[in-house]
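Bear in mind these aren't lab numbers, they're just calculated from the coordinates by the rules spelled out. This structure is a prediction, so every number in the text was calculated from the model and none was measured. When we count neighbours, we look across all protein chains shown, and the Cβ atoms used for this are built from the backbone with ideal geometry, even at glycine.
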Amino acid sequence: MTEPQPPICDYEGSTYQTSFWEQGGRAYEDQAEAIALQRLMPRGGELLLELGAGAGRNSLRYTGFKQVVLLDYSLTQLQQALQRLGKDQHFIYVAADIYKLPFVEGLFDTATMIRTLHHMTEPRVALEQVHQTLQPGGIFILEYANKQNIKAIMRYLIRKQTWSPFNLQSVEFEKLNFDFHPKAVRGWLKESGFILQQQLAVSYFRLGMLKRNLSLKLLTRLEARLQPTGKWLQLSPSVFTRSLVTGKPHIAQAGTFFKCPVCGAAELNQHGSNLICSKCSRAWPIRDGIFDFRIEAG
């Protein structure tokens, strides 16, 4: 019996990049994530997969890689990324479902997933998909929303919050927006075949009062000092992890890249503006430079 498709948080048509990041007073959060990525990212590599790339806010931070694949479910978000980054062999744009990634196994040497796992009702399934796409010894940088943060703990202790920040159960604070317990995420990573190497506590100062009264320079300086505390305690609203891939028998065969997310065949042949699966004959459109593997949109 086929497993039901988990719901997808779709940013199609959203002004998320402008309304949340550029006009939403999130300069501190953006810089905090840049500091974390600088600490965790390998110096370079062949092929990086950016899961939940959106409009490409972080894409230029993945320096040293020959190619970067931007993956998002939203076609309009990828169109914004393409406008920002341009049509270039360095960037490949893919619209797809993280639960059904359209890549052959062992393709990427690095993957990142920033501000994306918190939209997953089945986070372990998503992590297993990521593991399959990575090569032996590959690096996975994951960010997740932490339910056991200082603000949640204080609200729970003074009874302004009903749910406990201490148990392992995920919390859906808005539709398809989840906070996770660090221990639960570590468990999912281990079960999916990853070895945790490093943890950073990120965005401790994500409070309007602090951002209004302290300079961005001071906040980022304090942020840089506090992030390494994530090795011992994860009490920040955001946690970054770096993990190593284990249990992978091989890397992708030379010349292979995409696979059909419906039947799994790795032979897709281009005919005009479509990639045609040689096994199930499903056509996957290429829309103005964006490979569209969304099953429901096909």
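Note on W163, W232, W188: ascending count of other Cβ atoms within 10 Å places them as W232, W163, W188, the fewest first.
Once the convex hull of all Cα atoms in the stretch 208-298 is built, its volume per residue stands at 242 Å³.
Spatial offset of the stretch 208-255 relative to the stretch 157-202 amounts to 15 Å, using the alpha carbon center of each. Spin-label pair L233-S215: with each label point 7 Å from Cα along the Cα-Cβ axis, the two points sit 2.9 nm from one another. Computed from the C-alpha gyration tensor, the three semi-axes of the ellipsoid equivalent to the chain are 33, 21, 19 Å, from longest to shortest. Taking the fewest neighbouring Cβ atoms within 10 Å as the starting point, the ordered list for I195, I295, I290, I158 is I158, I195, I295, I290. Sparse packing (at most 15 other Cβ atoms within 10 Å of the Cβ) combined with a DSSP loop state is found for the following trypsin sites (Lys or Arg not before Pro) in the stretch 100-185: R159, K160, K175. For F194, the shell of other residues with beta-carbons less than 12 Å away shows a net charge of +3, using +1 for Lys and Arg and -1 for Asp and Glu.
In the chain, a dipole from Cβ-located charges (positive for Lys and Arg, negative for Asp and Glu) runs towards its positive end, and of Q234, Q23, F178 it is Q234 whose Cα lies farthest in that direction.
Among R225, R242, R84, the largest mean-square fluctuation in a Gaussian network model of the chain, built with springs joining Cα atoms closer than 10 Å, belongs to R225. Overall, the chain carries a charge dipole of about 1260 debye about its Cα centre when +1 sits on the Cβ of Lys and Arg and -1 on the Cβ of Asp and Glu, all other atoms neutral. Structural descriptor for the chain: relative contact order 19 percent, calculated from alpha carbon pairs under 8 angstrom and at least 6 residues apart. Most simply put, the chain has about 55% antiparallel DSSP beta bridges, counting only bridges with both residues inside it.
Let me check I've understood the local charge: for S243, count other residues with C-beta under 10 angstrom from its C-beta, Lys and Arg +1, Asp and Glu -1. What total comes out? Cβ neighbours under 10 Å give a net charge of +3.
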